Structures are given as C-alpha cells and as structure tokens.
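*Asks:* Right, I'll just put the structure down here and ask away after.
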There are 2 protein chains.
Amino acid sequence: MTARVLEHPPAEEIRLDEVLHALADPARLEIVRFLAAAGTEAPCSAIDLAVSKSTTTHHYRVLREAGVITQVYRGTSKMNGLRRADLDRLFPGLLDSVVSAAEAHRADTAPASRPTP
Amino acid sequence: MTARVLEHPPAEEIRLDEVLHALADPARLEIVRFLAAAGTEAPCSAIDLAVSKSTTTHHYRVLREAGVITQVYRGTSKMNGLRRADLDRLFPGLLDSVVSAAEAHRADTAPASRPTP
C-alpha cells in the first residue's frame, strides 16, 4: 500500500460559509452525526448512506476540504474523523447544535428516506 | 399598493439541511448577522451587501424559503425579520452559534471583500 496523504485545510483557512455548505446535505449531516456519536475515527464503510460509492466519496471529500473531517489512510482503510477541536475553537457551539439537531431530526434527514442526487 | 403576501414554510416544514444551505453564503450570513444584531425587522435597503439588486432579492428569497427569515410588505417596504423563535425551538443553539461565528469572522465573511456570484 502507498503512503497516500490527503490534503486538509489548515485551521486558519477554515471558513464558516464553507463549513455550513459542507453540512447542508442530509448524507453529509449523517456522516457528521455518526462520527460525533462514535467519538472516534471510522471507515466510510461504517456509515450506511444508501448512495453510490462515488457519491459517498464526493460527500467525504466535501467535508474534508471544508475542514469538517480528517481523512487518513491507515493500512487499507481510509479513516474519517471529526475536526472537533478546530471547529469548536473557530465556531463555538456550532458543531454541537448541528449534531443535536441532526439527532433530533434524524427521521427527516436520514439519507435512506431522502436520497441525494 | 397591493396586499402582496409572500410564501413562508410552516415551522414544521423547516429542514436543517435547507437552513444550513441558506446560511452557507457570505451575503446571506451578513443578512442574518445584521438582523440578529438589529433584533427587529429591517428593509433590504438597510443592509449593504455590495451585490446587484437581483442577487440581493435572490439571497432574501433563499433565506425566506428555507424558513430563516420572514418577509412582509409594510407600506412600500419589504421588511425582513429573523424567525428566531422557530429556529431556536427547532435547532436549539444553531442560530446563536452561527451569528456569533459570523460576528467573529466578519472580516472574512463580509460580502464586500468576498463578492458572491
């Protein structure tokens, strides 16, 4: 396996509007909700988004490029983790309120019931 | 003048992903930040977005259709107000965290320095 390293924005380049855009999708909200609940890194396969593999890859990339998650290759797995420390410092309370709302409205936002394009 | 009434989603139809999408734009963040700071209704002309009139109209419509603001004709003015009670009940803490972050990062998100398409 190769030592592939994916690009992540440094914390000082994380922008509120880009974070909000990254969160503004039911599938991406489910990823963030899951990772927040897990409290640890998880592979993409741990989260059932009911969308195609390429769409799944796209959603994770949007979250990573906005600074919401980290993606690190560990062995054969790409592991995803929330950038909670960065987000909590930059936008206090934002992640918690979004995750709580996503939990509360999970039935409305579950990708299985609302397929994304 | 006509008694025009603009459509607003009922509170039970306001969706987290649509609210986040509406907030995910520097000009729309500035509108929400301004209305939160004002604590009252304001006409579109009160908020300088440094974008064209049609773009301004678009931004307000996105916010209204997502359930973030009300738009009501009063005399010759279209008055805009935050749906704070609805948003705070549906997504506790979300609006406050976004407004605080927008205040803190205002220099980064001011539309004058980052024109929107």
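The values are calculated or read from the model by the stated rules, or taken from the named source; none is laboratory data. Everything numeric in this text was worked out from a predicted model, so none of it was measured. Methodologically, a virtual Cβ is constructed for each residue, glycine included, from the backbone with ideal geometry; neighbour enumeration extends over all protein chains shown.
*Asks:* Residues in segment B:77-101 that are within 14 Å of another protein chain (Cβ to nearest Cβ), touching a Ser or Thr at 6+ places or on another chain (Cβ under 7 Å) and free of Cβ contacts under 8 Å to residues at least 60 places away in the same chain: how many?
*Replies:* Counting residues in segment B:77-101 that are within 14 Å of another protein chain (Cβ to nearest Cβ), touching a Ser or Thr at 6+ places or on another chain (Cβ under 7 Å) and free of Cβ contacts under 8 Å to residues at least 60 places away in the same chain gives 3.
*Asks:* Would you check if there is a residue in segment A:54-70 being touching a Gly at 6+ places or on another chain (Cβ under 9 Å) and modelled with pLDDT of 95 or more?
*Replies:* Yes, that holds for at least one residue.
The rows are residues; the columns are (1) of a type in the set (S, T, N, Q); (2) free of Cβ contacts under 8 Å to residues at least 40 places away in the same chain; (3) buried (at least 22 other Cβ atoms within 10 Å of the Cβ); (4) farther than 29 Å from B:His105 by Cβ.
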| position | (1), (2), (3), (4) |
| --- | --- |
| A:Pro10 | no, yes, no, no |
| A:Val19 | no, no, yes, no |
| A:Thr56 | yes, yes, no, yes |
| A:Ile69 | no, yes, yes, no |
| A:Gly75 | no, no, no, yes |
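*Asks:* Would you mind telling me which numbered condition in (1) under 28 Å from A:Leu95 (Cα atoms); (2) of a type in the set (A, V, I, L, M); (3) away from chain A (no Cβ under 14 Å) B:Leu16 fails?
*Replies:* (3)
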